[in-house]
Amino acid sequence: MTNLRKDNHYVPKLYLKQWSHDGQIPTYRLLVPNESYPLWKEQSLKGIAFQQHLYTYLAGQEETDEFERWLDREFENPAQAAIERVISEQRLSPDHWKRLVRFAAAQDVRTPARLREFLGRQREALPLMLEDSVERSVLMMERADRNSGLLPETNVHADGFPLKVSIEKKLDGSGLIKAETIVGRRLWLWNIRHLLTNTLSRLPKHRWTVLHAPQGISWPTSDNPLIRLNFHDAKNYDFGGGWGVENGEILLPLSPKHLLYTCIGKRPWHRGKRLDEGTAQLMRKIIIEHADRYVFSRDQSDIHLIRPRTVCSETFKRERDAWKNWRSEQCQAETELQH
């Protein structure tokens, strides 16, 4: 494709611009190669929070960027006017709230942090899941053959799922069914689309609000900005919450002064509430702790104290090289699965 979108921004520029000035955003990097690397750098919105070919994939013999365009069309652009209304503190219609929530859901699943979590889970769970699925399919076909000779109808909607099924015939007349997939980019993109189309539509409706930072405090954001929080007290919380977990809290900074928020199963604070300083400082700390590789903030005073950066040239190089090889490795695996 001549106009292939290869620089895939996993945190949209239309979102990050709320923390920028003249197209530059103050950036604190959490993994650096040496101590001399500056604590803060001004980065262009075009040059931060993206990875090349994060969302592209092989469709036949060519690469396609349809997934990036789908995210843009269905989740980013529809939310732009709603975010602008939040920041200008105008009234939001039910449709504006719906678009904000869809934007938040998409932001939850599309980052490299979520990619690593997903691949880690699938490497452990997917082989057993495939084996179980194949065994159940074989039993179902055998039962159907005994009863009527007709294969049962299936109701599986897995368009785009990277799966190759083959049958190896043996000399004794039996056969071996083999199912193969890729624990990689293509499977991750299929899962994101599944979550944002099928799963999102089945979630119960939550009551959402926008919380305001008090005077003298501003919300930072990060390259992993949507937070699913299990909160017990100020020293006992984790980031393992979910969209359907009772009493779980979901947070997404929308600007240095506005924070999208819900608590599942509970009536949230009234819309536009200005938090007290202690609560706001704790939420600010949680946002910083949830960052993956970058924090973005207009207030740079103490972030390096809340979240000290990691200085390691080997880890920095290893991660840089992994992303450098990402496209070729994924394309090769996707090609092999097609043949």
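Tabulated results
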{"item": "Residue in the stretch 66-86 that is part of a loop (DSSP other than H, G, I, E, B) and either buried (at least 16 other Cβ atoms within 10 Å of the Cβ) or modelled with pLDDT of 95 or more (or both) present", "result": "no"}
{"item": "Subset of the stretch 64-78 (residues that are touching a helix residue (DSSP H, G or I) at 6+ places or on another chain (Cβ under 7 Å) and either acidic (Asp, Glu) or touching a residue at least 60 places away in the same chain (Cβ under 8 Å) (or both))", "result": "67, 75, 76"}
{"item": "Residue satisfying condition, being within 26 Å of residue 197 (Cβ to Cβ), at pLDDT below 95 and part of a helix (DSSP H, G or I), within set 159, 132", "result": "132"}
{"item": "Output for the stretch 231-252, where each listed residue is loosely packed, with under 13 Cβ neighbours inside 10 Å and charged (D, E, K, R)", "result": "233, 235, 238, 246"}
{"item": "Members of the stretch 102-122 that are at pLDDT 95 or above and either part of a loop (DSSP other than H, G, I, E, B) or of a type outside the set (D, E, K, R) (or both)", "result": "103, 104, 105, 106, 107, 109, 110, 111, 112, 113, 115"}
{"item": "Filtered residues of the stretch 190-206 (kept if under 13 Å from the mean Cα position of the chain (by Cα) and in contact (Cβ under 8 Å) with a residue 60 or more places away in the chain)", "result": "191, 192, 193, 195, 196"}
{"item": "Residue check, residue 280 surrounded by 15 or more Cβ atoms within 10 Å (Cβ to Cβ), of a type outside the set (S, T, N, Q) and part of a loop (DSSP other than H, G, I, E, B)", "result": "no"}
{"item": "Qualifying residue in the stretch 300-307 (condition: assigned to a strand (DSSP E or B) and closer than 13 Å to residue 30 by Cα)", "result": "no"}
{"item": "Among residues of the stretch 312-339, those that are out of contact with any helix residue (DSSP H, G or I) (no Cβ under 6 Å at 6 or more places or on another chain), of a type in the set (Asp, Glu) and surrounded by 11 or more Cβ atoms within 10 Å (Cβ to Cβ), counted", "result": "3"}
{"item": "Some residue of the stretch 311-331 being among the hydroxyl-bearing types (Ser, Thr, Tyr), in contact (Cβ under 8 Å) with a residue 12 or more places away in the chain and part of a strand (DSSP E or B)", "result": "no"}
{"item": "Answer from 256, 268 - the residue that is surrounded by 17 or more Cβ atoms within 10 Å (Cβ to Cβ) and over 27 Å from residue 27 (Cα atoms)", "result": "268"}
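So that you can scan it fast, the table gives a plain yes or no per residue for (1) aromatic (Phe, Trp, Tyr); (2) touching a Phe, Trp or Tyr at 6+ places or on another chain (Cβ under 8 Å):
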residue: 12; (1), (2): no, no
residue: 18; (1), (2): no, no
residue: 24; (1), (2): no, no
residue: 28; (1), (2): yes, yes
residue: 32; (1), (2): no, yes
residue: 38; (1), (2): no, no
residue: 86; (1), (2): no, no
residue: 101; (1), (2): no, yes
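The values are calculated or read from the model by the stated rules, or taken from the named source; none is laboratory data. As the structure is a prediction and not an experimental result, all values here were calculated from the model. Every residue, glycine as well, gets a Cβ built from its backbone with ideal geometry; the counts of neighbours run over all protein chains shown.
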